[in-house]
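Asks: If you scroll down you'll find the structure; I have some questions about it.
The values are calculated or read from the model by the stated rules, or taken from the named source; none is laboratory data. Remember, it's a predicted structure, so these values are computed and weren't measured experimentally. Here the Cβ is made from the backbone with ideal geometry for all residues, glycine too, and neighbour counts use every protein chain on show.
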Amino acid sequence: MLYALDTINADPAILPGIKLGSVIADTCSSEVIASKRTRKFIKIIFVPESTNYSELVSVVGPMYSRNAKFVANIVRVFHIPQISYGAMSHELSNKDIFNYFFRTVAPDGFFYAAMAAFLGRMGWRYVGLVHSEKVWNPLNAAQFVDKMRHKGICVGPQLHISPRTTDEHFDRYIEKLVSDDKEPKIVILVTSTRESRAMLAAKKRNARGNELMFVAGVTWSNRKTITKGDYGGI
C-alpha cells in the first residue's frame, strides 16, 4: 500500500496538488481492537491532535470479514469510504447497510464456485473443512457445504476454530483428520494467518500428518509468513 501511495504522489497527473499520507493500525485480527483503533482515528476528525491535521478520506482494510463489518458500521456514520482487500462476506454486499464499503476481492459465492471447480478438476470428491470464526461464520460454512453438495462433492469432517483454540486443540484437529478412512485426505482451510500456521505446525508434529493435503483460500494469497516454513502438503 505504501508503494501505491508513493507512486500516486509521484505522478502529478493523478492527483495534482494533493499528497496522500497514511496512518497504519494493527487490528491484531481482533474485532475489539479493530473497533478501538477505528474510534481513535475517527476522533481525530473532530479533535485534531496537531496543527498538521490532514483530512481522513478513506480506510483501507481490515482483511477479515468479521473485523471489516465492525469497522464499516463505524465509518459509514461519518460517510468515510472503506476498502477491504480480503473481506469476502456476502453480507457486506448489502448496500442498504454497507453503502460506504468496497473491496478488491470477490464475495464468498465466487470463492465457493472457484473451489468447487478446482476440486472437480483435480478429481477430488471427498474433502474435509476447517474454518475459522475470524474468517467465516456458521452460515458461510453451511453455504459452502451446500455448494459442494450440488457439485457432487461430499464434505466430511468439519472443524470450527474459535479464537481460544490452543496448540493442544490443533493437535486434536489433525488427529481427527488423519483418522478419517477416506483417501486422499484433502482438507480445505479457511483460516487466519495464526491459525493456518498452527494447523501446519500440528500437521508436521503428527506422525501421519503427511497423509493430509491442505487446500487454502484467499486468506493465504499474500501471506508468505504462512508458507515459508518447511511444512509440505500444501
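Asks: Evaluate the following for Phe101: is it of a type outside the set (D, E, K, R) and buried (at least 17 other Cβ atoms within 10 Å of the Cβ)? Show your work before the answer.
Replies: Working: of a type outside the set (D, E, K, R): yes; buried (at least 17 other Cβ atoms within 10 Å of the Cβ): yes.
Answer is yes for this residue.
Asks: Report yes if Ile18 is aliphatic (A, V, I, L, M) and outside any strand (DSSP E or B), otherwise no.
Replies: On the way: aliphatic (A, V, I, L, M): yes; outside any strand (DSSP E or B): yes.
In short, yes.
Asks: Answer yes if at least one residue in region 78-85 is surrounded by fewer than 21 Cβ atoms within 10 Å (Cβ to Cβ) and under 23 Å from Glu195 (Cβ atoms), and no otherwise.
Replies: yes
Asks: Out of the residues in region 183-234 that are at pLDDT below 85 and in contact with a Gly (Cβ under 7 Å, 6 or more places away or on another chain), state the one that is nearest to His160 (Cα to Cα).
Replies: Ranking the candidates gives Thr219 first.
Asks: Within region 61-70, is even one residue outside the structural domain of Ala142 (by the TED database), of a type in the set (Phe, Trp, Tyr) and in a loop (DSSP other than H, G, I, E, B)?
Replies: yes
Asks: Among what's in region 5-43 and is touching a helix residue (DSSP H, G or I) at 6+ places or on another chain (Cβ under 7 Å), within 17 Å of Ser84 (Cα to Cα) and β-branched (Val, Ile, Thr), pick the residue that is surrounded by the fewest Cβ atoms within 10 Å (Cβ to Cβ).
Replies: Checked region 5-43; the qualifying residue surrounded by the fewest Cβ atoms within 10 Å (Cβ to Cβ) is Val23.
Yes/no per residue for (1) aliphatic (A, V, I, L, M); (2) modelled with pLDDT under 90:
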position: Pro81; (1), (2): no, no
position: Asn99; (1), (2): no, no
position: Arg103; (1), (2): no, no
position: Met122; (1), (2): yes, no
position: Trp136; (1), (2): no, yes
position: Leu159; (1), (2): yes, no
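Asks: Any residue at all in region 116-127 that is closer than 20 Å to Phe214 by Cα, within 20 Å of the chain's Cα centre (by Cα) and β-branched (Val, Ile, Thr)?
Replies: no
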